[in-house]
Amino acid sequence: MSKVLLVHAKGGPPLGHVLSRTAAKAEVHLLALSALPPAVAGSARRLCASVVTPFDTHRHDLVSLITSRAEAVGADAVLTFSEYAVVAVAKACEALGLAGAGSAAALARDKRLMRRTWLRHGLPQPQFRPVATEADLLAAAHALPGPLLLKAAWSAGSTAHQIIRSPHEAPAAWARSRDVMAESAQLGYAELHVAEADAHYVVEQIVTGTAEEWFDEPGWGDYVSVEGVVTDGTFRPVCISGRMPTVEPFTERASITPALLADDAQERIVDLARRAVDALGLRDCGTHTEIKLGADGRMWLIETAARFGGAMTVPQIEEVFGLDLVGMLVDHLLGRPVEWPEQALTPERARGAAGSLVVLAVDGGGRAWQDRKVWDFAAVSAHAPLSPGSNLSVVAESSLPDGSVVPVYDPAAGANTMAALCLLSATDARTVLRDFETLVDALPRMLPVARPEEVTV
């Protein structure tokens, strides 16, 4: 039986989903660079031939660690679904002579390199400047048209984003972003291979998006993601997922599959994603490309990742389109034939719809809840005002345990302050969107109020 070394770290699709699909294709050996979520620790040990945890390893040289572990188990393929381990796994695959994202993986990870590459290829994106010091940021704030968005070059999940509306806000934004990145590293949300990654930033113009010209009904966000894969250097689009509007500054609240776009709009979006991925030169990996939608058909590239979308993007696609992307990628990396879609799948091909909702302590307008609440999915599932035929579940490994106090939303920390991740299945994408809007407003009414002694921060 073929053997796969799966490198686990924070982020990406739920580990339970990834493990079950990988184990159906090969003997799995798990190298866990982050502690296993308690909800899947037991099943991980049942599904895997071996599990090496952070307590068994020393990560001073991550590429060597991955390479030596792969050689020890005789791995025929090495893969990861975590943004923070993509570069290290790609380098290890090159050293082992195995299929992987290739030497260009860093271009799909470091936002400075990504934007420089797209600039050389003339692709549409916001004006930007790489910054390494507060002085760099101040100079960029004077040179670029505002408002601006400061991003950590190696971050994910909207972490450490800071809006700068005038140059005098630059010093505070710089200090706050650096503090958040340090806090995120303590939580395990940080690049695992590049030691100096916390010193790399990029600042870019905030372009004005609009959803009204792209969608027939209100409520959609002004950006989408094109999910796909690269096999032997050829980009293969799978589908487009839509969004609800973000929470300030740009924290994602919900992803919905499929996005309800007209055929010509979908074709234009997929074409831009193809050009973006092709410019990066990836070899064999999943891809996730985010695109901002503007007026008069304008589009701007936000970013491309050399891995599948995180949260519940992959399970949503499996439910809606019947594609096991994890298993298909494993088959490809092992040299087996795979029938990828000939073109991006449209809403007409969907079997219902699915969406994932990040539970944040803010209402539909982005305003903070008036009271501190306790997360209790049983209360939510019992009283959620959903449409007939809709089904809501919680992703346990990505959520706080019931009884936990919901964190106060921190705009700079982004998804780090979420309480839970929920999955909604419905008859169509419109219903998912409407149910999410209703649920967001109902959550503070359904959840219990935290007692003073329960609130520590």
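The values are calculated or read from the model by the stated rules, or taken from the named source; none is laboratory data. Note that the structure is a prediction, hence the values are computed from the model and not measured. Virtual Cβ from ideal backbone geometry, glycine too; neighbours counted across all protein chains shown.
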Can you confirm whether the stretch 292-303 contains a residue that is surrounded by fewer than 24 Cβ atoms within 10 Å (Cβ to Cβ) and within 14 Å of the chain's Cα centre (by Cα)?
yes
Of the residues in the stretch 377-422, those that are within 30 Å of Ser155 (Cα to Cα), of a type outside the set (A, V, I, L, M), part of a loop (DSSP other than H, G, I, E, B) and touching a helix residue (DSSP H, G or I) at 6+ places or on another chain (Cβ under 8 Å) come to Ser399, Asp402, Pro407, Tyr409, Asp410
Over the stretch 173-197, the set of residues assigned to a helix (DSSP H, G or I), in contact with a Phe, Trp or Tyr (Cβ under 8 Å, 6 or more places away or on another chain) and at pLDDT below 75 is Ala197
Would you be able to say whether some residue in the stretch 313-321 is within 25 Å of Ala276 (Cβ to Cβ), modelled with pLDDT of 95 or more and in a loop (DSSP other than H, G, I, E, B)?
no
When the stretch 90-106 is examined, which residues are found to be crowded, with 24+ Cβ neighbours inside 10 Å and in contact with a helix residue (DSSP H, G or I) (Cβ under 6 Å, 6 or more places away or on another chain)?
Ala90, Ala92, Gly100, Ala101, Ala105
Residue tally, condition assigned to a helix (DSSP H, G or I) and either farther than 20 Å from Thr208 by Cα or of a type outside the set (Lys, Arg) (or both), over the stretch 112-141:
16
Taking the residues in the stretch 407-435 that are farther than 16 Å from Thr313 by Cα and among the hydrophobic types (A, V, I, L, M, F, W, C) as candidates, determine which candidate is surrounded by the fewest Cβ atoms within 10 Å (Cβ to Cβ).
Val408
Being of a type in the set (Ser, Thr, Tyr) and part of a helix (DSSP H, G or I) is the filter here; which residues of the stretch 428-457 pass it?
Thr431, Thr438
Do we find a residue being under 19 Å from the mean Cα position of the chain (by Cα), surrounded by fewer than 18 Cβ atoms within 10 Å (Cβ to Cβ) and not assigned by TED's automatic domain parsing to the domain that holds Arg178 anywhere in the stretch 237-248?
yes
Do we find that Ala265 is under 15 Å from Asp222 (Cβ atoms) and part of a helix (DSSP H, G or I) in this structure?
yes
Complete set of residues in the stretch 29-50 that are outside any helix (DSSP H, G or I), more than 13 Å from His17 (Cα to Cα) and not polar (S, T, N, Q):
His29, Leu30, Leu31, Ala32, Leu33, Ala35, Leu36, Cys48, Ala49
Filtered residues of the stretch 156-172 (kept if in contact with a strand residue (DSSP E or B) (Cβ under 7 Å, 6 or more places away or on another chain) and assigned to a helix (DSSP H, G or I)):
Ala170
With the structure loaded, tell me whether Ala70 is over 24 Å from Thr289 (Cα atoms), of a type outside the set (Val, Ile, Thr), in a helix (DSSP H, G or I) and in contact (Cβ under 8 Å) with a residue 40 or more places away in the chain or whether it fails that test.
yes
Here is a check on your reading of the model: is Leu357 at pLDDT 95 or above, under 24 Å from Glu217 (Cβ atoms) and surrounded by 19 or more Cβ atoms within 10 Å (Cβ to Cβ)?
yes
Answer yes or no: is there a residue in the stretch 74-87 that is without any contact (Cβ under 8 Å) to a residue 40 or more places away in the chain and not acidic (Asp, Glu).
no
